Amino acid sequence: MTIEARLLVVLTATLLVFGLTTLYSASSIVAVQEGYPSWHFLVRQLIGVAVGIVAFAILAKWDADHWRDYAWPLIAIAIFTMLLTIMPGLERFAPRINGSRRFLLGGSIQPSEFAKLALVIWTAMLIVKKGGADGLRRLTKGLMPFGLILGVLSVIAVMQPDFSVPLFYALVMGTMLFAAGARIGHFVLLGALALPLAWKEIHRLEYVMNRILGFAGADGAQEAVNYQLTQSLIAVGSGGLFGVGFGQGRQQYGFLPLPYNDFIGSNIGEEWGFVGMAGLICLFALWGWLGFRIAKRARSPFTQLVALGITVTTVVTAYLHIGVVIGLLPTTGLTLPFVSYGRSNILLSLVTTAILVNVGSTAERVVGSGASDPLAARR
């Protein structure tokens with residue numbers, strides 16, 4: 001592995017250990033209140049970590065260029081599994097949790113999370129197949145196929161309902177296309193065409209409109225809709241400079257809903273203070289810097305785009321989560337990578353990191369005329 005890949009492994013391990021520690025602190029009281037042992041959520045998360053570490057060990061050694069051959073099957077599986085969450089008659093396998101149907105098998109699998117990786121791989125594959133910037137200059141044959149797949153995934157996500165995921169898909173795909181050389185004018189045109197449809201869906205999904213109005217401070221909406229955000233700001237503000245201390249937070253006693261998942265950043269702010277939040281921001285900034293360096297030195301155009309997409313996915317998700325818990329953004333359901341509770345989340349984070357580590361490693365041939373010479377280092 002290159003030095004960037006080695007540092008990425010160490011940084012990921014650091015975030016993982018910190019995440020498990022934070023998860024126990026944020027979830028132990030909630031678990032007891034629900035009739036479980038205090039370590040209930042931690043043990044369930046450790047199962048996901050164990051599976052993720054096995055997947056990491058395998059995929060970090062598996063040539064990332066091979067993912068190109070599985071781009072279409074992956075995006076097809078992503079679409080199919082997301083469809084299963086909204087199909088009538090499957091409520092037993094895709095139960096409604098907190099008002100939406102986003103999970104399979106009783107909440108164990110979240111297809112929209114795995115669709116992020118599928119979308120990155122498929123987008124990278126099609127960009128390379130079209131020949132990069134030259135193939136993306138035409139709107140109909142260049143960007144339209146990307147828009148179709150993005151539209152299908154977005155429609156399914158909105159029906160779950162989940163409005164933040166389609167916006168995130170668009171952001172990641174748009175970043176990859178822009179980096180590959182797509183025209184800015186085409187993005188402006190497609191955005192203008194999609195805006196009326198998006199605004200219509202915002203009005204249809206009452207909870208989305210209420211969150212926007214509550215974030216904007218509309219009369220009567222702030223207290224009713226932004227209860228989570230209010231409690232999150234209380235938690236972060238209570239932390240001060242150095243925090244109240246590990247395990248000493250008060251919001252997880254029932255004041256803040258989902259303190260171990262969508263708002264786990266609030267627990268960090270309360271118990272670790274401004275220093276802890278600033279340190280977390282710096283860790284993800286370092287993660288992104290290493291990811292971009294790996295992408296810059298990737299061995300092929302495909303792996304370069306995959307590395308870029310994975311880095312953007314991880315870092316943007318982290319910063320959106322932090323932005324929500326400190327009140328800079330409207331409330332969304334984005335988790336904090338490596339930290340938030342959720343086996344789909346932790347497994348995806350470790351799988352994508354493994355792919356990035358492989359991209360940041362030197363590929364050596366062991367057969368054929370181009371095989372690496374094991375005695376070369378001794379000469």
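The values are calculated or read from the model by the stated rules, or taken from the named source; none is laboratory data. All of these numbers come straight from a predicted model, not from anything done at the bench. Here the Cβ positions follow ideal geometry from the backbone for every residue, glycine too, while neighbour counts run over all protein chains shown.
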message = Please verify whether LEU256 is under 20 Å from THR331 (Cβ atoms) and under 23 Å from the mean Cα position of the chain (by Cα), treating the condition exactly as stated.
response = yes
task = Say whether the condition of being modelled with pLDDT of 95 or more, within 22 Å of the chain's Cα centre (by Cα), buried (at least 16 other Cβ atoms within 10 Å of the Cβ) and among the β-branched types (Val, Ile, Thr) is met by at least one residue in the stretch 3-11.
result = yes
task = Would you mind finding the one in LEU190, LEU213 that is at pLDDT below 80 and closer than 29 Å to PHE146 by Cβ?
result = LEU190
task = Scan THR85, THR22, THR14 and give me the residue that is surrounded by fewer than 20 Cβ atoms within 10 Å (Cβ to Cβ) and either of a type outside the set (Asp, Glu) or outside any loop (DSSP other than H, G, I, E, B) (or both).
result = THR14
query = Of all residues in the stretch 237-270, how many are in a helix (DSSP H, G or I) and within 29 Å of GLN110 (Cα to Cα)?
reply = 10
query = Listed residues ALA76, ALA60, ALA115; which is surrounded by fewer than 19 Cβ atoms within 10 Å (Cβ to Cβ), of a type in the set (Gly, Ala, Ser) and either over 25 Å from LEU177 (Cβ atoms) or under 20 Å from the mean Cα position of the chain (by Cα) (or both)?
reply = ALA76
inquiry  = Considering only residues that are farther than 30 Å from ILE234 by Cβ, not in a helix (DSSP H, G or I) and not hydrophobic (A, V, I, L, M, F, W, C), which ones fall in the stretch 324-364?
reply    = GLY360, SER361, THR362, GLU364
query = Here are ALA71, ALA94: which of them is under 20 Å from LEU153 (Cα atoms) and not in a helix (DSSP H, G or I)?
reply = ALA94
